[in-house]
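Heads up, the thing below is written out as structure tokens.
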Amino acid sequence: MARPIICSSMAEAVAGIPDGIQLLVPGFGPGTPANLLTALYDAGVKDMHVYANSVGLPQGTSDGRKTLNDLITARRVRKVTAAFTAPTHPSQASVPADMIRAAELEAELVPQGTLAERVRAGGAGIPAFFTPAGVGTLTAEGKEHREFNGRMYVMEHAIFADYAFIRAWKADTLGNLIYRRSARNFNPIFAMGAAHTIVEVEEPIVPAGELDPDQIHTPGVVIERLVQIPADGYFREIPR
């Protein structure tokens, strides 16, 4: 497989992304690819189906950074699949939550571990699996159930998206990635779960061989594009 393209700007990294894509967006705040999301917002891409842990993060801050919330509010997203569709603070208003209640945004609620496993399975080429999570709840309605060893399980289909936006701490020119602390969260799983994986990198991208192989979390074979976060980029995490 060819080496990943090292882009000179965030705009170049998202260039050519069409409307109507399925997009994986990791992050709990830490690990959110805010620079790529901002570039995608500026590019005007619309009609997306986004997979994320939550749609409840605040809209972009005064520094111009955009979040998934901004894309939804701008009506660029037609459907979200997420573990949390309510605000992180229930007392705070949430435009996406209001849009879901008003049937202006389609939403699929998925248990958090099931979401991670659906993407992991997709990256591993596994089409579906059985899990006990969600059995007896609305999230399991209409899905195939099967009993194993006296316990009921529900079948969940794998997710393999068109694009994944990833935020890494370090990378080399082969696309090998290292994540830092809690920013690791969904990033390693989501990086494997898409046909096109684009990565924003915090530290300067180094030549192949300079990263300790024992520290690499994601192999470069699945990475398509890398872009260095510029000095004036968004390094601070999104507040909750």
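The values are calculated or read from the model by the stated rules, or taken from the named source; none is laboratory data. Predicted model only: the values in this text are computed from it and were never measured. Neighbour counts are summed over all protein chains in view; Cβ atoms, including those assigned to glycine, are modelled from backbone coordinates with ideal geometry.
Identify all residues within the stretch 129-147 that are surrounded by 12 or more Cβ atoms within 10 Å (Cβ to Cβ) and not hydroxyl-bearing (Ser, Thr, Tyr); write none if there are none. Walk me through how you get there before you give the answer.
Initial filter on the stretch 129-147 (surrounded by 12 or more Cβ atoms within 10 Å (Cβ to Cβ)): 129-135, 139-140, 143-145.
The answer is Phe129, Phe130, Pro132, Ala133, Gly134, Val135, Ala140, Lys143, Glu144, His145.
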- request: Read through the list (1) farther than 19 Å from Leu71 by Cβ; (2) out of contact with any strand residue (DSSP E or B) (no Cβ under 6 Å at 6 or more places or on another chain); (3) crowded, with 19+ Cβ neighbours inside 10 Å; (4) at pLDDT below 95, then give the number of the only condition that His89 fails.
  value: (3)
- request: Run Met1 past the list (1) in contact with a helix residue (DSSP H, G or I) (Cβ under 8 Å, 6 or more places away or on another chain); (2) at pLDDT 95 or above and report the number of the one that doesn't hold.
  value: (2)
Boolean, Asp47 is surrounded by 13 or more Cβ atoms within 10 Å (Cβ to Cβ), over 26 Å from Asp232 (Cα atoms), at pLDDT 85 or above and charged (D, E, K, R): yes
task: Find all pairs meeting these conditions: Cβ atoms under 7 angstrom apart; at least six residues apart or on different chains; first residue within the stretch 25-49 and on the phi > 0 side of the Ramachandran plot; second residue of a type in the set (Asp, Glu).
output: Gly29/Glu237; Asp47/Asp19
- prompt: Any idea which of (1) assigned to a strand (DSSP E or B); (2) of a type in the set (A, V, I, L, M); (3) modelled with pLDDT of 95 or more is the one Ala116 doesn't satisfy?
  reply: (1)
query: Tell me, which residue of the stretch 135-165 that is in contact with a Pro (Cβ under 6 Å, 6 or more places away or on another chain) and touching a residue at least 24 places away in the same chain (Cβ under 8 Å) is farthest from Pro219 (Cα to Cα)?
result: Ala158
Of residues in the stretch 191-220 being part of a helix (DSSP H, G or I) and out of contact with any Lys or Arg (no Cβ under 9 Å at 6 or more places or on another chain), the one nearest to Ala34 (Cα to Cα): Ala191
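For the structure I just gave you, tell me whether Ala164 is under 18 Å from the mean Cα position of the chain (by Cα), under 24 Å from Tyr234 (Cβ atoms) and at pLDDT 95 or above.
Criteria met by Ala164.
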message: Just to be sure I understand the filter: pairs with C-beta atoms under 7 Å, separated by 6 or more residues or on different chains, first member in the stretch 220-234 and over 12 Å from Thr197 (Cα atoms), second member among the aliphatic types (A, V, I, L, M) and assigned to a helix (DSSP H, G or I). Which pairs pass?
response: Tyr234/Ala34
- request: Could you tell me which of the residues Val227, Val206, Val199 is touching a Cys at 6+ places or on another chain (Cβ under 7 Å), of a type in the set (Val, Ile, Thr) and either at pLDDT 95 or above or at negative phi (or both)?
  value: Val227
task: Scan the stretch 13-38 residue by residue and report those that are assigned to a helix (DSSP H, G or I) and either among the polar types (S, T, N, Q) or touching a helix residue (DSSP H, G or I) at 6+ places or on another chain (Cβ under 9 Å) (or both).
output: Ala13, Val14, Asn35, Leu36, Leu37, Thr38
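Say whether the condition of being farther than 15 Å from Ala164 by Cβ and of a type in the set (S, T, N, Q) is met by at least one residue in the stretch 40-57. Steps first, please.
So in the stretch 40-57, the residues farther than 15 Å from Ala164 by Cβ come out as 41-44, 46-47, 54-57.
Okay, now just the ones that are also of a type in the set (S, T, N, Q), so 54.
Yes, that holds for at least one residue.
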query: Can you name every residue in the stretch 148-199 that is closer than 26 Å to Ile21 by Cα, of a type in the set (Lys, Arg) and surrounded by fewer than 23 Cβ atoms within 10 Å (Cβ to Cβ)?
result: Arg184
